[in-house]
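Below is one structure; the comments refer to it alone.
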Amino acid sequence: MGLAHAHSVTLSGIQGQVVEVEADVGPGVPGVALVGLPDTALNESRDRIKAAFVNSMIEWPRRRVTINLSPASLRKSGSHFDLAIAATLLAADGTVPSTRLHRTALLGELALDGRVRAVRGVLPATLAAAQAGLTRVVVPRDNVREARLVRDVEVVPVTTAAGLLAWLRGAEPEDDGPAPEPVAADPAHAPDLSDVAGQQQARFALEVAASGGHHVFLLGPPGGGKTMLAERLPGLLPALTDQESLEVSAIHSVAGILPAGQPLVSSPPFRAPHHSATMPALLGGGGGGSIRPGEISLAHRGTLFLDEAPEFDRRTLDALRQPLESGSVVVSRAAGEARFPARVVLVLAANPCPCGGAQTIGGVCECTSLQRRRYLHRMSGPLLDRVDLRLTVYAATRAELLDDLVRGESTALVAQRVAAARERMERRLAGTPWRTNAEVPGRELRNRFAVPAAARAVLSPAVERGALSARGVDRVLRVAWTLADLAGVDVPTADETARALSLRVDDLRRVDVDVRSSRPLDAAARAALGGRRA
Ligand SMILES: [Zn+2]
């Protein structure tokens, strides 16, 4: 009686901090007061708990109870404090003993009828509780599998306010409930690279992208296979480590999209938001008391695919630059600030013109040259500066489609080479802040990771003709390093730089010319090599 306390967790991004919930019974008008920077949702919490108690035949305190959430300086948001507040109230009023609240965090929202509702963010909240030395979490039954991913923490499922009361009084915990339907994740049905007919160059570009973490720009007509290719990139990326799996799952937990039956995200995610996606949808945000991760964070450690990239809001596209650079995104809202991880391989895709008719077999394009140029220029230079691989994708020719022999290698086979290349890369980059070649800054490509002059010389004609800018050179060299890692050589040779050059179109202004002449863009790159075959 008198004082009681329990714990809950507040989240900022995927970082949780343990909050102490204290209840004090004192003199004064009967009722419950909440102090300690509660936001609107927290004040509503009192009303929900009261209704839940009444509907569960649990007595509401008939004395003055002050609930304090501390540290007071910490902004606390979310409806998941209901259970901790309810438990503290019951203990302070003497309705239940406080023994089971010792070193226990409670997470969950109460419905007016007394049911306990699932909440977002249970995985990162449980991780934070464990890190803070708590040994037990009480969670809504629908979140129980997610909480159980955290080792060395006892997880107690609850379904109702009455169930919570019974458990606090010493009853056995409720069971986990029926196992939810597992989500189909049959590897036999994952998109495989061997399904892509022809497309040698594009398939190889995916291998390079997955190896070096390079962003990709695919230019080509509708139906040319851009989406099909992009969907196959996650399968080539390195498998997630246990730590990465938890990190990605925590982001999906905060977004509220973890499937209850299979709460661990164990393979690199693939996200393909529509071009009507808003800035908050893509980068993170949202109203109310909580900040949700955007698509770029949901794609963390996987692939973010923006099809019809020029159709996206230009400001939204530009806002991707900072997260692409730093690997994380900071979202500021009235509710506070949150940082979410955002290390992705970005795939941008675009039709050569706004009508989409150019380059399709039998297609007619009525766009003017100016319209085409404007269309592609809607993607800003600074964004494209971060994209190391740029290539055109054509629909496979009939000959390719008919010839079963050109069916390419399987995802599993290519992924093996990617893994080997990553290993070489990680050995070389050990002790640096970078994990992939794509992250290495330009100045380091001229100093610590300089490419031998003989290999660089291949680029000279293109530089002299003005076809390759200084930044363009950096991008070619980054890709050359990845090609060296794939080839198993210690430093890039002329072969690697030449091939790297063939995997890019430096200037989108040239695209228009190439689209009209229906000439593969790589021919321009090959010309830059002075006829040398890449
Ligand atoms: Zn057109």
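Per-structure values
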| read-out | value |
| --- | --- |
| Residue within the stretch 10-17 that is farther than 25 Å from ASN143 by Cβ and touching a helix residue (DSSP H, G or I) at 6+ places or on another chain (Cβ under 8 Å) present | no |
| Pairs, first at positive phi and more than 7 Å from the ligand (Cβ to nearest atom) in the stretch 347-361, second open to solvent by 10 Å² or more (accessible area, probe 1.4 Å) and at pLDDT 80 or above, C-beta under 9 Å, six or more apart | GLN359/ASN351; GLN359/THR392 |
| Residues located in the stretch 134-171, provided they are under 33 Å from the mean Cα position of the chain (by Cα) and of a type in the set (D, E, K, R) | ARG136, ARG141, ASP142, ARG145, GLU146, ARG148, ARG151, ASP152, GLU154 |
| Among (1) within 16 Å of the ligand (Cβ to nearest atom); (2) not in a helix (DSSP H, G or I) - the single one LEU376 does not satisfy | (2) |
| From the options ALA91, ALA105, ALA51, ALA84, residue that is touching a His at 6+ places or on another chain (Cβ under 6 Å) and open to solvent by less than 50 Å² (accessible area, probe 1.4 Å) | ALA105 |
| Test set (1) exposed (fewer than 15 other Cβ atoms within 10 Å of the Cβ); (2) at pLDDT 80 or above; (3) hydroxyl-bearing (Ser, Thr, Tyr) - THR392 fails condition number | (1) |
| Top-ranked residue in the stretch 294-326 [being in a loop (DSSP other than H, G, I, E, B), in contact (Cβ under 8 Å) with a residue 60 or more places away in the chain and within 17 Å of GLU247 (Cα to Cα); ranked as most open to solvent (accessible area, probe 1.4 Å)] | ARG301 |
| Any hit, the stretch 2-17, residues being outside any strand (DSSP E or B), of a type outside the set (D, E, K, R) and open to solvent by 50 Å² or more (accessible area, probe 1.4 Å) | no |
| Evaluation of ILE67 against (1) touching a strand residue (DSSP E or B) at 6+ places or on another chain (Cβ under 7 Å); (2) part of a helix (DSSP H, G or I) (one fails), failing number | (2) |
| Test for ARG103: is it within 29 Å of the chain's Cα centre (by Cα) and among the basic types (Lys, Arg) | no |
| Filter result for the condition that a residue is at pLDDT 95 or above and open to solvent by less than 40 Å² (accessible area, probe 1.4 Å), over VAL196, VAL144, VAL137 | VAL137 |
| Evaluation of GLY286 against (1) under 25 Å from PRO234 (Cβ atoms); (2) away from the ligand (no atom under 16 Å from the Cβ) (one fails), failing number | (1) |
| Verdict on SER73 being within 39 Å of the chain's Cα centre (by Cα), surrounded by fewer than 20 Cβ atoms within 10 Å (Cβ to Cβ) and among the polar types (S, T, N, Q) | yes |
| Per-region count, the stretch 251-280, residues more than 15 Å from ARG301 (Cα to Cα) and not in a helix (DSSP H, G or I) | 14 |
| Subset of the stretch 460-490 (residues that are within 32 Å of the chain's Cα centre (by Cα), hydrophobic (A, V, I, L, M, F, W, C) and surrounded by 14 or more Cβ atoms within 10 Å (Cβ to Cβ)) | VAL473, VAL476, LEU477, VAL479, ALA480, TRP481, LEU483, ALA484, LEU486, ALA487 |
| Residue in the stretch 331-343 that is touching an Asp or Glu at 6+ places or on another chain (Cβ under 9 Å), over 30 Å from ALA470 (Cα atoms), among the β-branched types (Val, Ile, Thr) and outside any loop (DSSP other than H, G, I, E, B) present | yes |
| The stretch 244-276: number of residues that are closer than 22 Å to LEU348 by Cβ, open to solvent by less than 30 Å² (accessible area, probe 1.4 Å) and over 11 Å from the mean Cα position of the chain (by Cα) | 1 |
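Each row is one residue, and each column tells you yes or no for (1) without any contact (Cβ under 8 Å) to a residue 60 or more places away in the chain; (2) in contact with a Ser or Thr (Cβ under 8 Å, 6 or more places away or on another chain).
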{"residue": "HIS80", "(1), (2)": "no, yes"}
{"residue": "ALA105", "(1), (2)": "no, yes"}
{"residue": "VAL116", "(1), (2)": "yes, yes"}
{"residue": "GLY121", "(1), (2)": "no, yes"}
{"residue": "ALA130", "(1), (2)": "yes, no"}
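The values are calculated or read from the model by the stated rules, or taken from the named source; none is laboratory data. Source: prediction; values computed, not measured. Because the Cβ atoms are built from the backbone with ideal geometry, glycine has one as well, and the counts that use them run over all protein chains shown. What goes into the accessible areas is simple: the full protein's heavy atoms, side chains included, and nothing from ligands, DNA or RNA. Shrake-Rupley method; radii C 1.70, N 1.55, O 1.52, S 1.80 Å.
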